[in-house]
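Heads up, the thing below is written out as structure tokens.
The values are calculated or read from the model by the stated rules, or taken from the named source; none is laboratory data. Source: prediction; values computed, not measured. A quick note on method: Cβ atoms are made from the backbone with ideal geometry, for glycine too, and the neighbour counts reach across all protein chains shown. Heads up: the accessible areas ignore ligands, DNA and RNA and are worked out on the full protein's heavy atoms, side chains in. Shrake-Rupley method; radii C 1.70, N 1.55, O 1.52, S 1.80 Å.
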Amino acid sequence: MKLRSSVYGWKSVWMEFADEKSGSYEDGEKAFSMRVPVEGKPWVVTFNMNPCGVGTPHDCTTAVLPYQAKGGFSFAIFNRNWIQEAGKVFGLQDIEIGDPEFDADYIIKGSDEALVRKFFASERLRELIRMQKSIRLSIHDEAAELKPYGNVPDGIHILAFRDNEAINSFERLAEIHELLFLCAEQLVSIEKAAASDPDFEI
């Protein structure tokens, strides 16, 4: 029987998702990890659930996908109500993609306006973003951003998603998994990522 419900506990949801996607699940003391490959592709999405920070009473969920970069390109997208968070992203310009409703709801920052517009041209990608209650999605490519991931090899950049809540829905995990996969596909499409194994796992 497919559980797919937090009624049985979020760990059951994560374990089932990992099993269905031929991934793995690790149960730590405070942090929990799940590594889920992308079928037919050389990428692995790593989900983590851990305390949001010192003194916070709830957990956060992150999902990351390392990839082999081809040249410099970065972006960050936030809900419009995350203006303060978006303001912490330095060195990237504010960009509108030409979709009035989307531009009204989200703040997008990027290193190349034309490439950002091409990246977000995917209707399915925009749909998956809209399906999230909140979105903090970006490329980590600077040394300070990459440091928390360990000894990241040169040329490896990381797609990173963060949600300030514990995600206990099978459907949301599937949406985020597809979102990062489509982001990687779009990066390949605009020739800013290689469609090869990054040979690095978080």
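Numbers at a glance
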item	result
Cys with no candidate disulfide partner in the chain (beta-carbon separation under 4.7 Å rule)	Cys183
P(r), alpha carbons of the chain - 10 Å bins starting at zero, rounded %	8, 36, 38, 17, 1
Where trypsin sites (Lys or Arg not before Pro) fall in DSSP loop in the stretch 116-202, at most 14 other Cβ within 10 Å	Lys133
Cα pair distances in the stretch 104-202, grouped into 10 Å bins until the bin that holds the longest one, percent each	12, 45, 37, 6
1.4 Å probe accessible area per residue over the chain, in Å²	51
Charge dipole (debye, nearest 20) of the chain; +1 at Cβ of Lys and Arg, -1 at Cβ of Asp and Glu	240
Surface accessible to a 1.4 Å probe, Lys11 within the full protein complex, Å²	80
Heavy atoms of Val44: accessible area, 1.4 Å probe, square angstrom to 10	40
Percent accessible area from carbon and sulfur atoms, the chain, protein chains only, probe 1.4 Å	48
For the stretch 147-202, the spread of Cα positions along each principal axis, largest first, Å	34, 27, 16
